[in-house]
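The values are calculated or read from the model by the stated rules, or taken from the named source; none is laboratory data. What you are looking at is a predicted structure, and each value in this text was computed from that prediction instead of being measured. Counting neighbours? That spans all protein chains shown, and the Cβs are built from the backbone with ideal geometry, glycine included. Protein only, heavy atoms only, side chains kept; ligands, DNA and RNA dropped before computing areas. Shrake-Rupley method; radii C 1.70, N 1.55, O 1.52, S 1.80 Å.
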Amino acid sequence: MEISNLKDYNIELSKGFQPLIDFGYEVEFSLRLILQTELFFPTGHNVVKANDRFYHWVFKNKQRLAIDNYCEECCVPIYEYHSGYISHILPRGGFPEMAHDVRNANILCRHHHTQWENWKRCKDMKIYPANEIIIKELKFDYHVRK
């Protein structure tokens, strides 16, 4: 389902869905940027606070249908929040424009977070093929040529 305006987005939220991350939704890119600003920068451009909001939001919403969060690579349960469990698929430093796009995040245990950050070793991970698709989508949406 394509979501192109706040009204449709809010209707889906009221039904218990989260179009930014739930399967089957295509959120128009311009709306996605508006939502990212509203969710993570509600009082201006304080990046530290935005990062904290982003990490908490991803931890709360990405696997909200499960009782506990779990590592997307090895399925070990992650019982409590820590920003170290939120791993950017494309690194914030190299792709700052995508730092608060919720598609650009995995929940990973510390071991697999470290493995993902090693570009030679991450290609052996189970999540790599799905993340590769996300990377292509992100680069297309943000017009990144690298």
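With a probe of 1.4 Å, find how much accessible area region 64-145 has per residue, and write the answer as a whole number in Å².
58
For His82 and His56 in the same chain, what is the full-extension length gain: residue separation times 0.36 nm, less their Cα-Cα distance, in nm?
8.5 nm
Compare Leu31, Leu39 by solvent-accessible area with a 1.4 Å probe and give them largest first, with all protein chains kept in place.
Most to least solvent-accessible, the answer reads Leu39, Leu31.
Pick out which of Tyr128, Tyr79, Tyr25 has the largest mean-square fluctuation in a Gaussian network model of the chain, springs linking Cα atoms closer than 10 Å.
Most flexible of the set in this elastic network: Tyr79.
Give the long-range amide H neighbours of Ala105: residues separated by 5 or more places, or on another chain, with amide H under 5 Å away, using H modelled in the peptide plane at 1.01 Å from N.
Those qualifying (amide H under 5 Å, at least 5 residues apart or on another chain) are Ile89.
State the label only: which of [x] 19.8; [y] 16.0; [z] 20.9 corresponds to Kirkwood radius over Cα pairs in Å computed from the shown model?
Among [x] 19.8; [y] 16.0; [z] 20.9, the one derived from this structure is [y].
Assign unit charges at the C-beta atoms only (+1 for Lys and Arg, -1 for Asp and Glu), then state the dipole size of region 15-132 relative to its Cα centre in Debye, rounded to the nearest 20.
So the magnitude is around 160 debye.
Helix hunt in the chain: which complete DSSP H runs extend at least 18 Å axially by C-alpha with mean Kyte-Doolittle at least -1.0?
The answer, listed by residue number, is 47-61, 128-141.
If the only charges are +1 at each Lys and Arg Cβ and -1 at each Asp and Glu Cβ, what is the size of the charge dipole of region 52-98 around the Cα centre, to the nearest 20 debye?
Dipole of region 52-98, to the nearest 20 debye: 160 debye.
Per-residue ellipticity at 222 nm for the chain, helices alone: DSSP H runs ≥ 4 residues times -39500 (n - 2.57), over residue total, nearest 500 deg cm²/dmol?
Result for the chain, helices only: -12000 deg cm²/dmol.
Take the residue pairs Lys7/Lys123; Lys49/Lys126; Lys15/Lys123; Lys60/Lys139 and return only those whose Cα atoms are more than 30 Å apart.
Lys7/Lys123; Lys49/Lys126; Lys15/Lys123
Report the calculated FRET efficiency for Glu132 and Gln63 (r = Cβ-Cβ distance, R0 = 25 Å), to the nearest 0.05.
The calculated FRET efficiency here is 0.75.
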